[in-house]
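For reference, the structure discussed in these notes is given below.
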Amino acid sequence: MRTKLLAITIGALALACTHEPRPGESVGEVCTLANDGEEVTASGYVVAPFLTVSCKYDCSVDLSPSRERTEPSFSLDFPVGDGPGTMDPIGWKGEKPTQFGQIQELKRSDFRLRDDTGTPFTLGDVVRVTGVLESRMVSNGERLVCTMDVSKVEKL
């Protein structure tokens with residue numbers, strides 16, 4: 001009983017811990033129009049993308065200031081592979097949907113990534129990423145969208 005209680009307490013404490021990015025590395029500080037085309041470094045939590053389709057050559061996840069999808073957040077693009085700095089492909093599991101718009105639920109275990117040392121990470125983990133940022137305004141200039149082509153990734 002004590003072991004189970006201790007495990008639950010440690011798990012709750014781990015979830016309660018929050019990441020404090022280095023100055024200038026927060027998602028909000030990095031995802032700006034001024035950084036469009038620039039190589040930048042950001043850190044935060046890996047979260048599932050809002051929408052994904054089967055990916056063969058590149059896959060993406062989002063970087064968020066919290067373990068939940070929040071604004072601001074931005075997309076991180078990784079090459080598909082099995083070595084350092086890559087991500088396993090996300091694709092249809094089992095049968096493909098038969099109707100347009102049919103949604104397939106993805107789980108945390110569907111997202112398998114590796115940092116530059118080959119250390120695995122997944123959704124909810126904290127990473128520091130470096131790469132060239134693309135930023136643009138969408139929705140008639142009402143919303144800023146950022147995407148990073150990741151060249152360096154470190155699990156923190």
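The values are calculated or read from the model by the stated rules, or taken from the named source; none is laboratory data. In this text the structure is predicted, and so the values were computed from the model without any measurement. Counting neighbours? That spans all protein chains shown, and the Cβs are built from the backbone with ideal geometry, glycine included. We work out accessible area using only protein heavy atoms, side chains counted, and drop any ligands, DNA or RNA first. Shrake-Rupley method; radii C 1.70, N 1.55, O 1.52, S 1.80 Å.
Overview of values
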item	result
Separation between Cα centres of the range 115-156 and the range 44-74, rounded to whole Å	8
Relative packing of 131-143, 35-47, which averages over residues the other C-beta atoms within 10 Å, highest first	35-47, 131-143
Counting DSSP beta bridges with both ends in the range 27-155, the antiparallel % (nearest 5)	90
Residue-count net charge about residue 87 - beta-carbon cut-off 10 Å; Lys, Arg +1, Asp, Glu -1	-2
Accessible area per residue in Å² at 1.4 Å probe, computed on the range 27-155	57
Positive-end residue of 129, 109, 31, charge dipole of the range 27-155 with Cβ unit charges	109
Projected-area average for the range 27-155 over all orientations - Cα convex hull basis, square nanometres	8.2
Per DSSP, loop trypsin sites (Lys or Arg not before Pro) in the range 44-83 with at most 11 further Cβ within 10 Å	56
